[in-house]
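Working notes for the structure below.
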Amino acid sequence: MDFYRLVPKIELHAHLNGSLSNSTLAELRELKYGKEVPSGIDDCFYKILHGESLTLEECFKKFQYAHDLTDRSEALERATQRVIEDFANDNVIYLELRTTPKCTAQMSKREYLTTVLEVIRKTSTNQPGIIVKLLPSIDRSKGVLEAMQNVDLAIELSSLFPGTIPGFDLSGNPFGTQFADFVPALEKARKNGFRLALHCGEFEDVQEVKQMFALGVDRIGHGTFIDGENLAFASKHKIPFECCLTSNVKCKTVPSYEAHHVAKLMKINQPVCICTDDFGVFETSLSQELCICANMFNLSNAQIVELQRNAVEYSFASEEEKQRLRNKIDQFSKTEVV
């Protein structure tokens, strides 16, 4: 495991609220409710506070806690800081963090995004070892009006935080929604210079994947059910897949690690990057995901390093930033036996 911790890593698919560790959730709970643990606290959070193991159902409850505990700017700032610190401590040197702008009783959407962006801006000074970008997300379940509002807000803020918002994400529960309804918002994002990293092929819908490809997608989130003509298209155009092994296994979109589609993708030389998705919810890390991938599919240390080199090219970093990342990975290769 030491090798996977030491290798400089690139994370391209990580959701802010899903990346809050148990210790961060406990810290945020104390920030909001004080040090006393009330007798009425639910069993799941009691386990979190005391470091006990959780069932899968309890892991998913972390999303509810995350949203409740980050409803004010102070808490959101602390949460963003801790997530970036956790990735940096795992030797992640480049991070694209995703979050949907939220409006709460204490915070507007603009304040929400500005808070996250301010933390990212300070990171370049406080933690120069990691480059952080923000991909605002469109939550499909919130409808097309909010989608356009999110794009407009990102356009406005991109001029205040230059180089920090390189792309947009589309996520959320796809059932009961039509991708075509979100095309105008995504087209506006693209016309304003944002690249698109869309959750794509998370369920079996051949036509939706075709619609996404017709719009133009720079990276594919998960791509679990992309096959046939759509896979051939992705292969021809070298569209990278963001593969999140533990997330897919625990969410049961794949039956096992051994059956994960990343094996098929690597076999046909499809561009792939290994990501965490929600490391806090699924209690993993990028180092652990790389270790799982290597063990499951017999990858050498050199192949793991090459995955990181390739992920640099798939990132939305500037060319100058990419060169800095390449240099770090090359330096690692020279000093470590791979």
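The values are calculated or read from the model by the stated rules, or taken from the named source; none is laboratory data. From a predicted model like this one, the values you see are computed outputs, not experimental measurements. Glycine gets a Cβ as well: all are built from the backbone with ideal geometry, and neighbour counts include every protein chain shown. Surface areas here come from the heavy atoms of the whole protein model, side chains and all, with no ligands, DNA or RNA. Shrake-Rupley method; radii C 1.70, N 1.55, O 1.52, S 1.80 Å.
The table below gives the values:
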| item | result |
| --- | --- |
| Per-region count, the range 296-317, residues among the polar types (S, T, N, Q), over 20 Å from E242 (Cβ atoms) and either within 19 Å of the chain's Cα centre (by Cα) or surrounded by fewer than 15 Cβ atoms within 10 Å (Cβ to Cβ) (or both) | 2 |
| Any hit, the range 94-109, residues being surrounded by fewer than 16 Cβ atoms within 10 Å (Cβ to Cβ), in contact with an Asp or Glu (Cβ under 9 Å, 6 or more places away or on another chain) and within 30 Å of P128 (Cβ to Cβ) | no |
| Some residue of the range 29-37 being under 23 Å from C275 (Cα atoms), of a type in the set (D, E, K, R) and out of contact with any strand residue (DSSP E or B) (no Cβ under 7 Å at 6 or more places or on another chain) | no |
| Residue identified as under 13 Å from L12 (Cα atoms), touching a residue at least 60 places away in the same chain (Cβ under 8 Å) and of a type in the set (A, V, I, L, M, F, W, C) among A294, A317 | A317 |
| Test: V209 is part of a helix (DSSP H, G or I), touching a residue at least 12 places away in the same chain (Cβ under 8 Å), more than 26 Å from E319 (Cβ to Cβ) and not acidic (D, E) | yes |
| Residue list for the range 83-93, restricted to those being surrounded by fewer than 21 Cβ atoms within 10 Å (Cβ to Cβ) and free of Cβ contacts under 8 Å to residues at least 60 places away in the same chain | E85, A88, N89 |
| Hey, H261 over 16 Å from Y314 (Cα atoms), crowded, with 22+ Cβ neighbours inside 10 Å and modelled with pLDDT of 95 or more or not | yes |
| Check on V281, of a type outside the set (F, W, Y) and either in a loop (DSSP other than H, G, I, E, B) or within 28 Å of P162 (Cβ to Cβ) (or both) | no |
| Residue match in the range 21-32 (condition: under 17 Å from the mean Cα position of the chain (by Cα) and at negative phi) | yes |
| Number of the exception - H199 against (1) over 20 Å from L97 (Cβ atoms); (2) open to solvent by 10 Å² or more (accessible area, probe 1.4 Å); (3) not hydrophobic (A, V, I, L, M, F, W, C) | (1) |
| Residue identified as open to solvent by less than 60 Å² (accessible area, probe 1.4 Å), β-branched (V, I, T) and touching a Pro at 6+ places or on another chain (Cβ under 8 Å) among I138, I130, I165 | I165 |
| Those residues of the range 24-41 which are surrounded by 11 or more Cβ atoms within 10 Å (Cβ to Cβ) and without any contact (Cβ under 8 Å) to a residue 24 or more places away in the chain, in sequence order | A26, E30, Y33, V37, I41 |
| Odd one out for E77, checked against (1) at pLDDT 95 or above; (2) surrounded by fewer than 17 Cβ atoms within 10 Å (Cβ to Cβ); (3) in contact with a helix residue (DSSP H, G or I) (Cβ under 7 Å, 6 or more places away or on another chain); (4) farther than 24 Å from F168 by Cβ | (4) |
| Hey, K250 surrounded by fewer than 21 Cβ atoms within 10 Å (Cβ to Cβ), free of Cβ contacts under 8 Å to residues at least 60 places away in the same chain and among the basic types (K, R) or not | no |
